[in-house]
Amino acid sequence: MTDETAALGSFTHSQGVALCSENALFHIQANGDWHYLDSPLPAKFSALFSSILHCIDDEYFLITPVEKVKVTVEAYPLMLVDYQDTSLDAHSNNELIFTSSIGAQLPAINIADIIVTDDGIFAPVIRGLVGQLNRACYYRYINEYLSFDSANLN
């Protein structure tokens, strides 16, 4: 899907396209589910639309060469449910490839760019978007990449 996303990206422009409506037509729930006019979207359509989702000045839009549509987001636009460590590849430099709850595989990001807070673990992905690791992915990441010295936990 990376080739398709790159090809689509070459046609989209984050600025310069007229906003279709002041009202948000799409909504992304905190669990990563997408809705169009309050009706659930199938994952295949959500994955398609996520490939043109942009975050500009803390607002979310679906942007094509001819139109821009507002999107509301409850928490984060992407719920990250799995990742693959590319360090197994000899040409890698500590990057992770994430998969979202709607089945979209995202471009590799450097482990150093992942943000760990008290509220969760977040990954800046593409087009200004930030994804949140779901519970299983969160605990797996902690076990694999964060070390705790048991002497300092007292």
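The values are calculated or read from the model by the stated rules, or taken from the named source; none is laboratory data. Please read all numbers here as calculations on a predicted model, not as lab measurements. Methodologically, a virtual Cβ is constructed for each residue, glycine included, from the backbone with ideal geometry; neighbour enumeration extends over all protein chains shown. Note: areas computed on protein heavy atoms with side chains; ligands, DNA, RNA excluded. Shrake-Rupley method; radii C 1.70, N 1.55, O 1.52, S 1.80 Å.
Does Gln105 satisfy the condition of being open to solvent by 30 Å² or more (accessible area, probe 1.4 Å), modelled with pLDDT of 95 or more and touching a strand residue (DSSP E or B) at 6+ places or on another chain (Cβ under 7 Å)? Taking the combined requirement at face value, the residue does not satisfy it. Screening Leu96 against (1) closer than 20 Å to Leu146 by Cβ; (2) open to solvent by less than 30 Å² (accessible area, probe 1.4 Å); (3) touching a residue at least 40 places away in the same chain (Cβ under 8 Å); (4) not acidic (Asp, Glu) leaves a single unmet condition, (3).
Residue pairs, Cβ under 7 Å, 6 or more apart or interchain, first in the stretch 61-79 and in contact (Cβ under 8 Å) with a residue 60 or more places away in the chain, second in a loop (DSSP other than H, G, I, E, B) and of a type in the set (Asp, Glu). List them. No pair meets every condition. Say whether the condition of being at pLDDT 95 or above and open to solvent by less than 40 Å² (accessible area, probe 1.4 Å) is met by at least one residue in the stretch 30-40. Among the residues of the stretch 30-40, at least one is at pLDDT 95 or above and open to solvent by less than 40 Å² (accessible area, probe 1.4 Å), which makes the answer yes. Considering the stretch 42-67 alone, what residues qualify as being open to solvent by less than 40 Å² (accessible area, probe 1.4 Å) and either farther than 20 Å from Leu106 by Cα or assigned to a strand (DSSP E or B) (or both)? Selection gives Leu53, His54, Cys55, Ile56, Phe61, Leu62, Ile63. Scanning the stretch 108-118 for residues that are open to solvent by 50 Å² or more (accessible area, probe 1.4 Å) and either assigned to a helix (DSSP H, G or I) or out of contact with any strand residue (DSSP E or B) (no Cβ under 9 Å at 6 or more places or on another chain) (or both) yields Ala112, Asp113, Thr117, Asp118. Could you look through the stretch 90-102, keep only residues that are among the polar types (S, T, N, Q) and over 23 Å from Gly32 (Cα atoms), and pick out the one that is modelled with the lowest pLDDT? Checked the stretch 90-102; the qualifying residue modelled with the lowest pLDDT is Ser92.
Exactly one residue among Ser87, Ser51, Ser21 is among the small types (Gly, Ala, Ser), modelled with pLDDT of 85 or more and under 26 Å from Arg135 (Cα atoms), and that residue is Ser51. Looking only at the stretch 61-85, residues that are over 16 Å from the mean Cα position of the chain (by Cα) and acidic (Asp, Glu) come to 2 in all. Against the list (1) open to solvent by 40 Å² or more (accessible area, probe 1.4 Å); (2) at pLDDT below 90, the condition Ala75 fails is (2).
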